[in-house]
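Read-outs throughout are calculated quantities, based only on the coordinates presented, and are distinct from any laboratory measurement. The structure displayed is predicted, hence computed values, not measured ones. As a convention, Cβ positions derive from the backbone with ideal geometry for all residues, glycine included, and neighbour counts pool all protein chains shown.
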Amino acid sequence: MELKEKTPHTILNEIIEAAKECGQVMLQADRANFGIKDKAGKANFVTKYDCKIQEMLEKKLSEILPEAEFWGEEEDCQINRNAEYIFVVDPIDGTTNFIKDYHMSCVSIGLIRNGKRYMGVVHNPYLNETFYAISGEGAYMNGNAIHVSKDDLANSIVLFGSSPYNTELAKASFELAYEYFQKCLDIRRSGSAALDLCAIASGRAEIYFELILSPWDFAAGALIVEEAGGIVTTVEGEELPCLEKSSILARNK
Ligand code: IPD
Ligand code: CA
Ligand code: CA
Ligand code: CA
């Protein structure tokens with residue numbers, strides 16, 4: 001019997017299921033036993049749940065698409081960068097929020113295909129909101145199409161990441177935020193880059209910038225913004241890489 005290849009939609013649905021199972025682990029986390037460890041720089045932590053979810057995803061995603069490479073934040077994974085498929089995963093985006101029980105964290109799973117963003121899933125278990133996109137097929141949240149807003153700068157909410165791990169970039173971030181603040185409605189800082197990108201994609205805010213991010217922070221969210229009709233570049237307006245650290249500027253048109 002010939003094995004049928006999975007369709008992109010089957011793969012996407014399986015990734016969404018995996019993200020939701022990980023979201024349950026976040027909701028049921030034992031707050032008395034987080035196993036918090038410091039990483040380099042200010043407000044940079046890892047909990048035992050970041051590692052547990054990364055392990056779960058490594059296993060589940062390899063069952064969903066066995067030929068794909070896996071790259072997650074919490075382990076030094078050696079990947080073949082030339083592979084056709086690469087999962088780029090942030091097991092918990094918004095770890096500081098997770099530790100503080102601030103309810104603004106998510107599971108973020110991006111799939112790169114032949115060096116381009118191909119699929120993205122961002123699941124926020126606190127609001128039970130799942131954002132997703134396949135390249136060329138639009139962006140969705142819980143089954144409904146989402147679009148960037150049409151508001152101009154004067155009517156914009158501007159989101160930014162404060163780069164807590166990098167003192168110089170943090171200062172520059174607040175300066176840039178103040179420049180925007182003088183021209184827009186107001187500023188927000190959520191603590192989750194992936195959810196910031198989904199806020200732009202769903203028209204809840206208009207501009208998001210951060211001066212340094214890692215590929216797992218934006219692998220899924222950048223595609224979701226693009227598929228919702230937005231633009232994502234580096235802060236300088238260059239093409240956003242898939243597998244490198246980068247600044248990011250996401251906006252409606
Ligand atoms: C962080 C969050 C935060 C952003 C940081 C990221 P983490 O990811 O996305 O919003 O400002 O740059 O590192 O460490 O919580 O996965
Ligand atoms: Ca982290
Ligand atoms: Ca992150
Ligand atoms: Ca993380």
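Odds and ends about this structure:
- Where only DSSP H runs of four or more residues are counted, the chain gives -10500 deg cm²/dmol as its mean residue ellipticity at 222 nm, each run worth -39500 (n - 2.57).
- Taking the convex hull of the alpha carbon positions in the chain and averaging its projected area over all directions gives 13.7 nm².
- At full extension, Lys20 and Thr233 could sit 73.8 nm farther apart than now, given 0.36 nm per residue minus the alpha carbon distance.
- The slack in the chain from Leu27 to Arg188, taken as 0.36 nm per residue of separation less the alpha-carbon distance, amounts to 55.5 nm.
- Here the range 153-251 has an Rg and Dmax of 12.2, 34 Å, counting Cα atoms alone.
- Over the range 1-126, Cα pairs under 8 Å with separation of 6+ residues give a relative contact order of 24 percent.
- Loop sites in the range 1-89: GluC sites (Glu not before Pro), DSSP, at most 16 other Cβ within 10 Å: Glu2, Glu5, Glu67, Glu75, Glu84
- Using a Förster distance of 25 Å, the FRET efficiency for Tyr102-Asn166 (Cβ separation, nearest 0.05): 0.70
- Inverse of mean 1/r across different Cα pairs in the range 8-146, Kirkwood, Å: 15.4
- Legend: distances between Cα atoms for Lys37/Lys60; Lys59/Lys100; Lys6/Lys59; Lys171/Lys253; pairs beyond 21 Å are Lys37/Lys60; Lys59/Lys100; Lys171/Lys253.
- Amide H contacts under 5 Å for Asn44, placed H, 5+ residues apart: Lys39
- Length added when fully stretched, Asn80-Lys245, from 0.36 nm per residue minus Cα-Cα: 57.7 nm
- DSSP beta bridge pairing in the range 8-146, given as percent antiparallel to the nearest 5: 90
- Site pair Asn44 and Ser62 shows an inter-label distance of 2.8 nm when each label is modelled 7 Å from Cα along Cα→Cβ.
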